Structures are given as structure tokens and as C-alpha cells.
Amino acid sequence: MSPRRSGEGHVRMPDAEFEALLARAAAEGARRALADVGLEGEEAAMDVRDLRGLLDCIRFVRRTAVKTTVHLVTTGILLALLAGIALKLKVFGSSP
């Protein structure tokens, strides 16, 4: 059954035909969007996998950097506390 016009400029078509039209439009839109960002052709799937791997590496580096920063700050605070305790208890001898 082909689309037909109703009285107010609307087009009526069967649900199955409408869904098929939407599926074709979505597929074509996805192809255009991927082509716009350079992800088209035979190597597109490999490019996406590489990009995902790169993002995983960036996330790993970010987590490691945060952990290292927290470790350094904690170590610095503990060293400062130990130095303050040592000075307070005069562990290094009497001051002049």
C-alpha cells in the first residue's frame, strides 16, 4: 500500500512501511555521521577499537596520576609530622 494524503496535508501510510522508512533513514544518518568524523570503510571497526583502547589507556593514566598524587601528599604530610615530633622531642640534640 502506498502513502496517501489526508485532508490537511498529512500523509498516511501503514505502520510497517513507516518503520521500514525510519530504519532506512536511521541507517543512512548513521553512515553519514560516521563518514563526517572519518570512520568509514573497511577499517572503521578497527579504528573504533583503537580509539576505545586509547581511551582505556587515558583513563588508566588518569587513575594512576591521582593515586600517585595522593600517595605523595600523604607521604609529605607524614614526613612533616615526624620532623615536627623529632624537633619537639629534641631528638637531634639541644638547640642553641
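Throughout, read-outs are computed from the coordinates displayed, never taken from laboratory work. This structure is a prediction, so every number in the text was calculated from the model and none was measured. Note: ideal-geometry Cβ built from the backbone for every residue, glycine included; neighbour counts use all protein chains shown.
Here's the picture: charge each Lys and Arg Cβ at +1 and each Asp and Glu Cβ at -1 in the chain, and of Val73, Gly93, Ile58 the one pushed furthest to the positive end of that dipole is Gly93.
Taking every DSSP helix (H) stretch of at least 4 residues in the chain, weighting each as -39,500 (n - 2.57) and dividing the sum by the residue count yields a mean residue ellipticity at 222 nm of -25500 deg cm²/dmol. When only the Cβ of Lys, Arg, Asp and Glu is charged (+1, +1, -1, -1), the dipole of region 1-72 relative to its Cα centre reaches about 440 debye.
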